[in-house]
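Data block below; observations after.
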Amino acid sequence: MKWHKSTLEIPTRGKGLYSFSGHVNAQLRVWQVQQGMCFLFCPHTSASLTINENYDPSAQADLEKSLDKFVPENAGWYTHDLEGPDDATSHIRAMLTDSGLSIPVDDGNLSLGTWQGVYLFEHRARVQRRQVLVRVLDLSE
Amino acid sequence: MKWHKSTLEIPTRGKGLYSFSGHVNAQLRVWQVQQGMCFLFCPHTSASLTINENYDPSAQADLEKSLDKFVPENAGWYTHDLEGPDDATSHIRAMLTDSGLSIPVDDGNLSLGTWQGVYLFEHRARVQRRQVLVRVLDLSE
Amino acid sequence: MKWHKSTLEIPTRGKGLYSFSGHVNAQLRVWQVQQGMCFLFCPHTSASLTINENYDPSAQADLEKSLDKFVPENAGWYTHDLEGPDDATSHIRAMLTDSGLSIPVDDGNLSLGTWQGVYLFEHRARVQRRQVLVRVLDLSE
């Protein structure tokens, strides 16, 4: 049993979904993990994680638009707006999605379904440099 | 320390909550796990997982209805509708609930609260055959 | 490798966010955990967990208010109301947030971002005594 640690850097250019499944699988190959559990953690309060459809860009567009609909910037009742109209909304959108993901690893890869991708969900409008903590419990035989 | 793996098959007959806590506990007994962590992962983008009230069917009905209210099929702005009116809505509903659950195991069972049950949340209207990956880190003494 | 277990008791005095990051870090010090994974689990169906902004109280106020907006008590369509107007809404609010959190531990503390705090989200109006199950996979070298 081994414990692997690294931090992914993900640059973002405005709101939206940024896929990083490939980066995690590449890291698993470097570590030569065959099976175990992969824990991903987003140490930000205005960006989050989610797993969803990785094939058709229209699905991702609808996911992004859904948060604009649920948590609109012009709702008028936010009090936490020091950093702009995407301040309170970013925290609320982060709460409705995931701060962390726990994904099984088998045969050297994340055991995602055929249509699943792992995404960083950026909720801020301006350019950011985000981190994702990657932890792997390596139970290769 | 041991690592146990299996895949549950859960047939669904339309949208709604399908309890499977009992199936997981039965599998824990087969593996003779006394304590540890159980990781459940749903490898689908139009079904998801959630933990919620297991006693009164009216609570489950309200949970199902709440997603119909938040993410209505007739909202009119979805672009991802190749597979029908429940296509984009399924992915959005999956995003708002859970792709994975991490539950402690104690005394041979999931350490759920008295009123908690583990559910697959089916978001598609037609009959499906869903999978849930079950992984258990067995830390029995 | 060690496995640590405890249960935190968190008294609540009505709806809202109750920070408990400090309690978890104090427990990590008692166990002398240097690195590993911390799993937090909420065994209730009308309270939940979330990670979010820990600095400006206005951010927390907006998070609380957002659930009042999404899941209003006077929506009129809830059928599960035996325990009052905050009955169905509590379960729905729990579903939209988290039943469990998985957080890396490094250098003896939860590896939270600078602005992140761990919160119990109480969805019931009356005074409660809540529990959070704390499990730590201790991988200190």
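Observations on the structure shown:
- For residue A:105, the residues whose modelled amide H falls within less than 5 Å of its own, excluding neighbours fewer than 5 places apart on the same chain, are A:36, A:37, A:38, A:111.
- Annotation: amide H-H contacts under 5 Å for residue A:10 (H modelled 1.01 Å from N, sequence separation of 5 or more, or interchain): A:130, A:131, A:132.
- Computed from backbone phi with θ = phi - 60° and the Karplus coefficients 6.51, -1.76 and 1.60, the 3J(HN,Hα) list for region C:85-98 is x, 9, 7, 4, 4, 5, 5, 5, 5, 5, 5, 7, 10, 10 Hz; x is used for glycine and proline.
- Cα-based values for the protein assembly as shown, radius of gyration first and Dmax second, are 19.9, 56 Å.
- When A:119, A:55, C:78 are compared by accessible area of protein heavy atoms, the largest-first order is A:55, C:78, A:119, using a 1.4 Å probe.
- Residue-wise HN-Hα couplings along region C:31-48, as the Karplus relation 6.51 cos²θ - 1.76 cosθ + 1.60 with θ = phi - 60° gives them from phi, are 7, 6, 7, 8, 8, x, 10, 10, 10, 10, 9, 9, x, 10, 9, 10, 9, 8 Hz; Gly and Pro carry x.
- Flagged links, alpha-carbon separation over 22 Å, of B:15/C:15; A:15/B:15; C:15/C:69: B:15/C:15; A:15/B:15
- Other residues with beta-carbon under 10 Å from the beta-carbon of residue A:115 carry, at +1 per Lys or Arg and -1 per Asp or Glu, a net charge of -2.
- Virtual paramagnetic centre 7 Å along Cα→Cβ of residue B:115, amide N under 17 Å, in region B:50-86: B:51-64
- Stokes-Einstein D in µm²/s, Kirkwood radius over Cα pairs - region B:4-43 at 10 °C with 1.306 mPa s viscosity: 134 µm²/s
- The heavy atoms of residue C:95 offer some 0 square angstrom of accessible surface to a 1.4 angstrom probe.
- Annotation: amide H of residue C:98 within the under-5 Å range of C:49, sequence separation 5 or more or interchain, hydrogens built in the peptide plane.
- The Cβ shell under 15 Å around residue B:8 holds other residues with a net charge of +3, Lys and Arg each +1, Asp and Glu each -1.
- Residue B:74 label point (Cα plus 7 Å toward Cβ) to equivalent points in the other copies: 2.5, 2.5 nm, shortest first.
- Placing a label point 7 Å from the Cα of residue C:5 along the Cα-to-Cβ direction, the distances to the matching points in the other copies come to 2.6, 2.6 nm, shortest first.
- In units of the compact-protein estimate 2.2 N^0.38 Å, region C:100-140 shows a Cα radius of gyration of 1.50.
- Solvent exposure of residue A:77, expressed as accessible area, is near 40 Å², computed with a probe of 1.4 Å over the protein chains only.
- Rh by Kirkwood over Cα pairs, then Stokes-Einstein D for region A:46-141 at 1.567 mPa s and 4 °C, µm²/s: 85 µm²/s
- Where a label projected 7 Å from the Cα of residue B:1 along Cα→Cβ would reach, residues of region C:1-16 with amide N under 13 Å: C:1-4
- Within-13-Å neighbourhood charge of residue C:95 [Cβ basis; K, R +1; D, E -1]: -1
- Overall, chain A carries a charge dipole of about 380 debye about its Cα centre when +1 sits on the Cβ of Lys and Arg and -1 on the Cβ of Asp and Glu, all other atoms neutral.
- If you wrap the Cα atoms of region A:1-107 in a convex hull and average its projected area over all directions, you get 8.1 nm².
- Heavy-atom accessible area order for B:93, B:13, largest first, 1.4 Å probe: B:13, B:93
The values are calculated or read from the model by the stated rules, or taken from the named source; none is laboratory data. In this text, all values refer to a predicted model and were calculated from it rather than measured experimentally. Cβ coordinates were reconstructed from backbone atoms using ideal geometry, including for glycine residues, and neighbour counts include every protein chain displayed. Surface areas here come from the heavy atoms of the whole protein model, side chains and all, with no ligands, DNA or RNA. Shrake-Rupley method; radii C 1.70, N 1.55, O 1.52, S 1.80 Å.
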